[in-house]
Amino acid sequence: MVVILIIGLLASIIVPNLGFLTGEADKVKDKRNAQTIMLAYSTGAAAGVNWPAGDVATQVAAVIAGQKPASGSLSNMMFQSSVTADKAPATYIYIGVRPTGELFFDSTGGQPASGH
């Protein structure tokens, strides 16, 4: 009986404190999704895709939809991210826009969550 009581007491202390693991896992997933978006963006840019100008939300939406280069040997290839549109807003804190208009990855998560 005492052993069951001790196990119950330990469980009541430990289980509520495991909730932080879910939040950390979500952050890691969002950061990986941002890296996936950035990979498609930078690969497409190197191939000649003219991504639309605008804020993070606009450019990420274009990367998710996919674009083809206007000309060149890769003009028949679609460059797009495998991240779905419903997952994109959580990645905005890891993606910023340089003054020149191109996207960049921010591993600190210090960008505006709105994507604007």
Flag for residue 26 being among the charged types (D, E, K, R), under 16 Å from the mean Cα position of the chain (by Cα) and surrounded by 14 or more Cβ atoms within 10 Å (Cβ to Cβ): no
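Residue check: is residue 91 among the hydroxyl-bearing types (Ser, Thr, Tyr) and loosely packed, with under 12 Cβ neighbours inside 10 Å? Spell out how you get there, then give the answer.
Working: among the hydroxyl-bearing types (Ser, Thr, Tyr): yes; loosely packed, with under 12 Cβ neighbours inside 10 Å: no.
Here the answer is no, as residue 91 does not meet what is asked.
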Taking the condition of being crowded, with 16+ Cβ neighbours inside 10 Å and either at positive phi or under 16 Å from the mean Cα position of the chain (by Cα) (or both), how many residues in the range 67-85 meet it? 3
Just checking, how many residues over the range 85-116 are farther than 16 Å from residue 58 by Cβ and basic (Lys, Arg)? 1
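Looking only at the range 46-61, how many residues end up being in a helix (DSSP H, G or I), over 19 Å from residue 87 (Cβ atoms) and in contact (Cβ under 8 Å) with a residue 40 or more places away in the chain? Let's see the steps before the verdict.
Going residue by residue through the range 46-61, those that are in a helix (DSSP H, G or I) are 46-47, 56-61.
From what is left, the residues that are over 19 Å from residue 87 (Cβ atoms) are 46-47.
Among the residues that remain, those that are also in contact (Cβ under 8 Å) with a residue 40 or more places away in the chain are: none.
Count: 0.
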Looking at the range 90-107, is at least one residue within 12 Å of the chain's Cα centre (by Cα), of a type in the set (S, T, N, Q) and assigned to a loop (DSSP other than H, G, I, E, B)? yes
List pairs: first residue in the range 89-100 and of a type in the set (Gly, Ala, Ser), second residue assigned to a loop (DSSP other than H, G, I, E, B) anywhere in the structure, Cβ distance under 7 angstrom, at least six positions apart or on different chains. 96/106; 96/111
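Could you say which residue among 64, 37, 13, 7 is without any contact (Cβ under 8 Å) to a residue 12 or more places away in the chain, assigned to a helix (DSSP H, G or I), surrounded by 10 or more Cβ atoms within 10 Å (Cβ to Cβ) and not charged (D, E, K, R)?
Numbers: 64 fails: without any contact (Cβ under 8 Å) to a residue 12 or more places away in the chain; 37 fails: without any contact (Cβ under 8 Å) to a residue 12 or more places away in the chain; 13 fails: surrounded by 10 or more Cβ atoms within 10 Å (Cβ to Cβ).
Being without any contact (Cβ under 8 Å) to a residue 12 or more places away in the chain, assigned to a helix (DSSP H, G or I), surrounded by 10 or more Cβ atoms within 10 Å (Cβ to Cβ) and not charged (D, E, K, R) holds for just one of 64, 37, 13, 7, which is 7.
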Exactly one condition in (1) exposed (fewer than 15 other Cβ atoms within 10 Å of the Cβ); (2) hydrophobic (A, V, I, L, M, F, W, C); (3) assigned to a helix (DSSP H, G or I) is false for residue 113; which is it? (3)
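Read the figures in this text as sums done on the coordinates, not as results from a lab. The shown structure was predicted, so the numbers you read here are calculated from the model rather than taken from an experiment. All Cβ positions, glycine included, derive from the backbone under ideal geometry; neighbour counts span all protein chains shown.
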